[in-house]
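Shown next, in structure tokens, is the structure this report addresses.
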Amino acid sequence: MSEPAIKYRLIKKEKHTGARLGEIITPHGTFPTPMFMPVGTLATVKTMSPEDLKEMNAGIILSNTYHLWLRPGDELIKKAGGLHKFMNWDQPILTDSGGFQVFSLSDMRNITEEGVHFRHHLNGSKLFLSPEKAIQIQNNLGSDIMMSFDECPPFNESYDYVKKSVERTSRWAERGLNAHENPATQGLFGIVQGAGFEDLRRQSAKDLMSMDFPGYSIGGLSVGESKEEMNRVLDFTASVLPENKPRYLMGVGAADSLIDGVIRGIDMFDCVLPTRIARNGTCMTSAGRLVVKNAQYAEDFRPLDEKCDCYVCQNYTRAYIRHLIKCDETFGIRLTSYHNLYFLIKLMENVRTAIMNDNLLEFSAAFKEEYGFNKANARAF
């Protein structure tokens, strides 16, 4: 039997929490965990070059199966030599399955046992995506880590609906596993669903673990439920997943939620949040949310964050960045995007140090206090 494409090495468990320090070994390199992954939906992290991402120590990036299938097409990317060569990124890449986009972008969909019939989100044409098709697309893309095709039910759906959904997602996971053509070079993760129901989450995890995936994702969170609800689900979900496999919480990027996830044993995170809010001039700083396009920063010649050592904070002022964004200059968005991504990647670096020193809870409390999460009506970003 060949070696798995993806391997997890546990380095240390934190004494007072479920946090773990580790590393994930892939065909395109090894990256430390816990890690935040920048999102490059269409084979690019918006406004960032591969060199920028390496400079900020982004160990792995995420691309989107659904969007790349539609544009430019997975067959074209395969002809180019795979996603790594196509986008000139020689480090690890993770692709999601497209399942979330099917359920979030299209109101006209019909879920069957075979797969999902739905409409193209741009032109309305009819499309069909099955577990086998989602895996075939990802095999063509050549990502290091692939995701099983799943249904992401709304968090507040009925128990009966979610139970049927979880059972179908487990069947789809097995079909995807059987369709996977490159297990020696691409690792396929199962996705645990179950909304807020503990028994269904546990059943989903049990079903997937019986298939012995090289890693496990937790889906269906950060979809509108409260942070307390998300942490409650993580408490009883992450703890049942294997210690010798990576654990990935999908779609989470608020700084406090990253720390809360790590405390509960999560290794990997991704989210469009840092680049999306950057395009509106919103920046993450050690002192909390800063909307740099606001008038109060017109003559503010300080960096975005005086405690940040990123390229942007070392070279540009709030006043200049505000000017660029007010004038719709792309360079302004590039600067805010760079800073926000660096902020979260650096946060995870500091979290790893805290785990090594067995003081993650103290680090969490101090960070949240300075960021302003403890204030009344605090905003995460």
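The values are calculated or read from the model by the stated rules, or taken from the named source; none is laboratory data. As the structure is a prediction and not an experimental result, all values here were calculated from the model. So basically every Cβ, Gly included, is an ideal-geometry build from the backbone, and we count neighbours across all protein chains shown. Keep in mind that these areas ignore ligands, DNA and RNA; they rest on the heavy atoms of the full protein, side chains included. Shrake-Rupley method; radii C 1.70, N 1.55, O 1.52, S 1.80 Å.
About the Cα centre of the chain, what is the dipole size in debye to 20, counting +1 per Lys and Arg Cβ and -1 per Asp and Glu Cβ, all else neutral? Numbers along the way, then the final one.
Working: 44 positive and 47 negative charges, 101 e Å.
For this selection, approximately 480 debye.
I need the phi-derived Karplus couplings for segment 296-308: 6.51 cos²θ - 1.76 cosθ + 1.60, θ = phi - 60°, integer Hz, Gly and Pro marked x.
5, 9, 4, 10, 9, 9, 8, x, 3, 9, 5, 9, 9
With n ≥ 4 as the cut-off for DSSP H runs, can you work out [θ] at 222 nm for the chain, using -39500 (n - 2.57) per run divided by the number of residues, rounded to the nearest 500?
Details: 15 runs with 153 residues, N = 381.
Only helices count here, giving -12000 deg cm²/dmol.
For the chain, what relative contact order do you get, as a whole percent, if you take Cα pairs closer than 8 Å and at least 6 residues apart?
Numbers: 755 pairs, mean separation 66.6, N = 381.
This gives 17 percent for the chain.
Going by average Cβ neighbours within 10 Å, how do the peptides 278-286, 220-228 rank, with the highest at the top? Can you show the working numbers first?
Values: 278-286: 20.7, 220-228: 17.4.
Answer by packing, highest mean first, reads 278-286, 220-228.
Reported to two decimal places, what Rg/Rh ratio describes segment 272-339 when computed on Cα atoms with Rh from the Kirkwood expression? If you can, show how the numbers build up before the last one.
Details: Rg = 10.3 Å, Rh = 11.4 Å.
That ratio is 0.91, to two decimals.
Please list, in order along segment 133-139, the HN-Hα scalar couplings obtained from phi with the Karplus expression 6.51 cos²θ - 1.76 cosθ + 1.60 (θ = phi - 60°), rounded to whole Hz, x for Gly and Pro.
Along segment 133-139, the couplings run 5, 4, 6, 4, 4, 5, 4 Hz.
Using the Karplus equation 6.51 cos²θ - 1.76 cosθ + 1.60 (θ = phi - 60°), what ³J(HN,Hα) coupling, rounded to whole Hz, does each residue of segment 160-171 give in order, writing x for Gly and Pro?
Result, ordered by residue: 4, 5, 5, 4, 5, 5, 4, 4, 5, 4, 5, 5 Hz.
Relative contact order (percent) for segment 141-278, with alpha-carbon contacts under 8 angstrom and 6 or more residues of separation? Walk me through the intermediate numbers first.
Working: 211 pairs, mean separation 29.0, N = 138.
Normalised by residue count, the contact order of segment 141-278 is 21 percent.
Once R0 is set to 30 Å, what does the formula 1/(1 + (r/R0)^6) return for the Cβ-Cβ distance between residue 362 and residue 296, expressed as a FRET efficiency to the nearest 0.05? Let's see the in-between values first.
Values: r = 33 Å, r/R0 = 1.10.
Efficiency, rounded to the nearest 0.05: 0.35.
Just to verify a number: FRET efficiency for residue 323 and residue 161, C-beta to C-beta distance, R0 = 56 Å, to 0.05? Please report the intermediate quantities before stating the final value.
Numbers: r = 51 Å, r/R0 = 0.91.
After rounding, the FRET efficiency stands at 0.65.
Select from segment 306-359 those trypsin sites (Lys or Arg not before Pro) which occupy a DSSP coil region and have at most 14 other Cβ atoms within 10 Å, ordered by residue number. Provide the component values of the computation, followed by the final result.
On the way: sites: 307, 318, 322, 326, 334, 346, 352; in loops: 307.
Answer in residue order: 307.
For residue 296, what charge total do you get from the other residues with a beta carbon under 15 Å from its beta carbon, if Lys and Arg give +1 and Asp and Glu give -1?
On the way: positive: 289, 293, 302, 318, 322, 326; negative: 299, 300.
It works out to a net charge of +4.
Unpartnered cysteines of the chain (Cβ-Cβ under 4.7 Å counts as a partner)?
Isolated Cys, the chain: 152, 271, 283, 310, 327.
If you place +1 on the Cβ of every Lys and Arg, -1 on the Cβ of every Asp and Glu, and leave all else neutral, what size is the dipole of segment 239-353 about its Cα centre, to the nearest 20 Debye? Could the numbers behind the result be given before it?
Values: 15 positive and 13 negative charges, 36 e Å.
The calculated dipole for segment 239-353 is roughly 180 debye.
If r is the Cβ-Cβ distance from residue 16 to residue 331 and R0 is 45 Å, what FRET efficiency results, to the nearest 0.05? Mind showing how you got there, number by number?
Working: r = 44 Å, r/R0 = 0.98.
So the FRET efficiency works out to roughly 0.55.
Bin all alpha-carbon pair distances of segment 123-246 at 5 Å intervals from 0 and give each bin's fraction as a whole percent.
Result, from short to long distances: 2, 12, 21, 22, 19, 14, 8, 3, 0 percent.
7 Å from Cα along Cα→Cβ at both residue 286 and residue 79: what's the point-to-point distance in nm?
Between residue 286 and residue 79, the label points sit 5.1 nm apart.
Quick one: with all protein chains in place, what share of the accessible area of the chain is carbon or sulfur, to the nearest percent (1.4 Å probe)? All intermediate terms of the calculation are to be shown ahead of the outcome.
Values: 7770 of 16040 Å².
So the carbon and sulfur contribution to the accessible surface is 48 percent.
For a paramagnetic label modelled at 7 Å from the Cα of residue 28 toward its Cβ, which residues of segment 109-141 fall within the zone defined by backbone nitrogen distances under 13 Å?
Backbone N within reach: 139-141.
Could you work out how far the C-alpha centroid of segment 264-319 sits from that of segment 112-151, in angstrom?
Between the Cα centres of segment 264-319 and segment 112-151 lies a distance of 35 Å.
Whose amide H sits under 5 Å from the amide H of residue 218, counting only residues 5 or more places off or on another chain, with H placed in the peptide plane?
192, 248, 249, 250
Taking the Cα centre of segment 20-128 as the origin, how large is its charge dipole in debye, to the nearest 20, when only Lys and Arg (+1) and Asp and Glu (-1) carry charge on their Cβ atoms?
Numbers: 10 positive and 11 negative charges, 49 e Å.
Rounded to the nearest 20 debye, it is 240 debye.
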